[in-house]
1. Identify the single condition in (1) touching a helix residue (DSSP H, G or I) at 6+ places or on another chain (Cβ under 8 Å); (2) within 26 Å of N156 (Cβ to Cβ); (3) buried (at least 20 other Cβ atoms within 10 Å of the Cβ) that A114 does not satisfy, given that it satisfies every other one.
2. Can we say Y103 is open to solvent by less than 80 Å² (accessible area, probe 1.4 Å) and under 18 Å from the mean Cα position of the chain (by Cα)?
3. Scanning for something within 20 Å of A88 (Cβ to Cβ) and either assigned to a loop (DSSP other than H, G, I, E, B) or touching a Cys at 6+ places or on another chain (Cβ under 9 Å) (or both), does the range 179-187 turn up at least one residue?
4. Cβ-Cβ distance below 7 Å, separation of 6 or more or different chains: which pairs start in the range 54-72 with a residue that is assigned by the TED database to the domain that holds V120 and assigned to a helix (DSSP H, G or I) and end on one that is surrounded by fewer than 16 Cβ atoms within 10 Å (Cβ to Cβ) and of a type outside the set (G, A, S)?
5. Only residues that are in contact with a Lys or Arg (Cβ under 8 Å, 6 or more places away or on another chain), among the charged types (D, E, K, R) and loosely packed, with under 13 Cβ neighbours inside 10 Å: list them for the range 153-168, please.
6. Would you pick out the residues in the range 129-153 that are touching a helix residue (DSSP H, G or I) at 6+ places or on another chain (Cβ under 6 Å) and assigned to a loop (DSSP other than H, G, I, E, B)?
7. Filter the range 79-100 for residues that are within 17 Å of A136 (Cα to Cα) and not hydrophobic (A, V, I, L, M, F, W, C); which is surrounded by the most Cβ atoms within 10 Å (Cβ to Cβ)?
Amino acid sequence: MREYKPKNDLQKKQYYKEKFFIPQESLKNKASGSNFESEIEILEQGGVEILSSYIEFDQLVIYVNSSENYKTLEVLKNFGYEQLCELAAVDFISQKSGYEVFYQLLSISKNRRARVKCFVKKDEMLKSVCELYKSANWAEREMYDLSGVLIKDHPNLKRLIMPDDWHSHPLLKSYPLVGDEAAKWYEVDKIFGSEFREQIGEENRDPAFVDEKDTFGFSRVFDKNEEYEYQEDGGVKFVKKAKFSQSQIVKERP
């Protein structure tokens with residue numbers, strides 16, 4: 001009998017191809033001659049120096065100098081980009097000693113999207129765009145709080161998520177994933193005092209960690225040898241096993 005040999009042996013492909021999916025670089029087309037050519041012209045007429053521009057995923061992407069971020073957004077807003085959907089920073093401190101900041105813009109009237117990017121050095125002050133877009137107020141505070149980008153002329157530049165005395169910025173690539181030494185003792189020191197460290201123990205900075213034997217934060221559901229029922233003050237007893245036949249739908253709270 002003739003032996004069957006398939007042309008494409010899928011079992012051997014893992015030896016000469018990547019086992020995991022690696023996305024290819026997205027297609028980037030020239031902005032000149034496209035539907036966004038009018039945006040390029042209006043920016044050049046407004047005196048904005050465009051370092052580079054291209055079309056990616058049907059939206060305009062332009063790079064400008066960090067000193068011209070306000071002027072660029074002002075020209076685009078007057079042109080019809082009335083919404084600032086998002087702004088954030090990407091940490092490139094180790095490679096380039098700075099951040100890449102982007103502004104995501106939307107024009108509802110024209111049904112177009114544009115993304116403005118600029119590179120900001122580590123200790124450089126980036127001008128606030130709150131006067132142009134109110135949505136930039138909290139977004140710039142978050143970018144300062146989590147990434148450390150300094151914003152100039154902001155009406156209230158202070159931390160938005162982390163405490164005022166928090167050290168460093170959690171979205172930096174150099175920041176430890178589970179926090180630093182001060183982070184794991186922060187709440188204990190603030191609420192009880194550092195003298196209670198040995199009595200309470202350090203904070204759990206791993207959100208995926210669950211201790212089934214923790215009778216303080218969790219019910220001891222796996223302890224079959226001990227009769228234990230978890231109950232909060234003024235609450236109800238913890239249900240270990242629910243019987244569907246004895247369940248009922250409650251229309252309103254008792």
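The values are calculated or read from the model by the stated rules, or taken from the named source; none is laboratory data. Computed from a prediction, not measured in an experiment: that's the story for all the values here. Using ideal geometry, Cβ is built from the backbone for each residue, glycine included, and neighbour counts are taken over all protein chains shown. Each accessible area value is taken on the protein alone, full model and side chains, heavy atoms only, with ligands, DNA and RNA left out. Shrake-Rupley method; radii C 1.70, N 1.55, O 1.52, S 1.80 Å.
1. Tallying (1) touching a helix residue (DSSP H, G or I) at 6+ places or on another chain (Cβ under 8 Å); (2) within 26 Å of N156 (Cβ to Cβ); (3) buried (at least 20 other Cβ atoms within 10 Å of the Cβ), A114 fails exactly one: (2).
2. Judged against the criteria, Y103 is a match.
3. Looking through the range 179-187, none of the residues is within 20 Å of A88 (Cβ to Cβ) and either assigned to a loop (DSSP other than H, G, I, E, B) or touching a Cys at 6+ places or on another chain (Cβ under 9 Å) (or both).
4. Pairs that qualify, where the first residue is assigned by the TED database to the domain that holds V120 and assigned to a helix (DSSP H, G or I) and the partner is surrounded by fewer than 16 Cβ atoms within 10 Å (Cβ to Cβ) and of a type outside the set (G, A, S), are S66/E124; E68/E49.
5. Hits for the range 153-168 are K158, D164.
6. Passing the criteria: V129, C130, L132, V149.
7. Top of the filtered list is Y81.
Residues are listed down the side, and each one gets a yes or a no for (1) under 28 Å from N65 (Cβ atoms); (2) touching a strand residue (DSSP E or B) at 6+ places or on another chain (Cβ under 9 Å); (3) among the charged types (D, E, K, R); (4) free of Cβ contacts under 8 Å to residues at least 60 places away in the same chain:
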| site | (1), (2), (3), (4) |
| --- | --- |
| K117 | yes, yes, yes, yes |
| L132 | yes, yes, no, no |
| S135 | yes, yes, no, yes |
| S147 | yes, yes, no, yes |
| L150 | yes, yes, no, yes |
| L157 | yes, yes, no, yes |
| H167 | no, no, no, yes |
| L171 | yes, yes, no, no |
| A182 | no, no, no, yes |
